[in-house]
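Here the structure comes first, spelled out in structure tokens, and everything after it is commentary.
The values are calculated or read from the model by the stated rules, or taken from the named source; none is laboratory data. None of these values were measured; they are calculated from a predicted model. Positions of Cβ are backbone-derived with ideal geometry, glycine not excepted, and every protein chain shown enters the neighbour counts. Calculation scope for accessible area: heavy atoms of the full protein, side chains included, ligands and nucleic acids excluded. Shrake-Rupley method; radii C 1.70, N 1.55, O 1.52, S 1.80 Å.
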Amino acid sequence: MAESQVDDAVLASLRAVWTHSGTAAEWVRQLKYSDRTAAVTVLADAMAAIAAPADVVTWCPATPAARRERGYDQSELLARALAHRLGIPARRLLRRERGDRPQTQRDRAGRLVGPRLRPAGKLLHRPTVLLIDYVATTGATLRSAATVIRRSGAGCVHGLVVTQALRIRPDTA
């Protein structure tokens, strides 16, 4: 497990089950591109073992076009499976703006801006939210999502991903 203390107040923590390499990276690719949804069972079990305590689980939504093409949203599948294991509700708290390009189709500067997201509803009682995505590269998607969720009434947002990209120090690139 990798855990990052996030330097902005919008995302309280970010935990990753594995670094984005080897078998773990292959599971993520298969889930996203090869319709191998059976991997959700193994991935959700591993995520449950390191999940921060929360009141509700939500996910970073895929673009509507990607969801239509794939037939599912891989982060939603993970979030719902994880919520079931944790015994807490899963709720759609975010919607992706139509026409928003996937992060994988952006250069680094575009990725750092993050996706265009909007709230799917208002939260009451300032819950602690566990925000799920399948991989973190720059962290921009998670920060954008956490910002919208906090503005919608969450008290605290913790990020949890299957894999996190290795950071390359500028002097070694």
Looking only at residues in region 123-151 that are over 19 Å from residue 79 (Cα atoms) and part of a loop (DSSP other than H, G, I, E, B), which one is modelled with the highest pLDDT?
126
Residue 129 versus (1) open to solvent by 30 Å² or more (accessible area, probe 1.4 Å); (2) hydrophobic (A, V, I, L, M, F, W, C); (3) closer than 13 Å to residue 13 by Cβ: which is the lone unmet condition?
(1)
Tell me, which helices (runs of 4 or more DSSP H) lie completely within region 1-80 with 3 or more residues that are at pLDDT 95 or above?
39-50
Under 9 Å by Cβ, and 6 or more places apart or on different chains, what pairs join a residue from region 14-33 that is more than 19 Å from residue 158 (Cα to Cα) and free of Cβ contacts under 8 Å to residues at least 60 places away in the same chain with one that is of a type in the set (Gly, Ala, Ser) and crowded, with 16+ Cβ neighbours inside 10 Å?
30/39
Here the qualifying pairs (Cβ atoms under 7 Å; residues six or more apart or on different chains; first in region 43-59 and touching a residue at least 60 places away in the same chain (Cβ under 8 Å); second surrounded by 23 or more Cβ atoms within 10 Å (Cβ to Cβ) and in a loop (DSSP other than H, G, I, E, B)) come out as 58/93
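One line per residue, one yes/no per condition, for (1) of a type in the set (Asp, Glu); (2) surrounded by fewer than 18 Cβ atoms within 10 Å (Cβ to Cβ):
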site: 36; (1), (2): no, yes
site: 40; (1), (2): no, no
site: 44; (1), (2): no, no
site: 48; (1), (2): no, yes
site: 55; (1), (2): yes, yes
site: 61; (1), (2): no, no
site: 64; (1), (2): no, yes
site: 69; (1), (2): yes, yes
site: 77; (1), (2): no, no
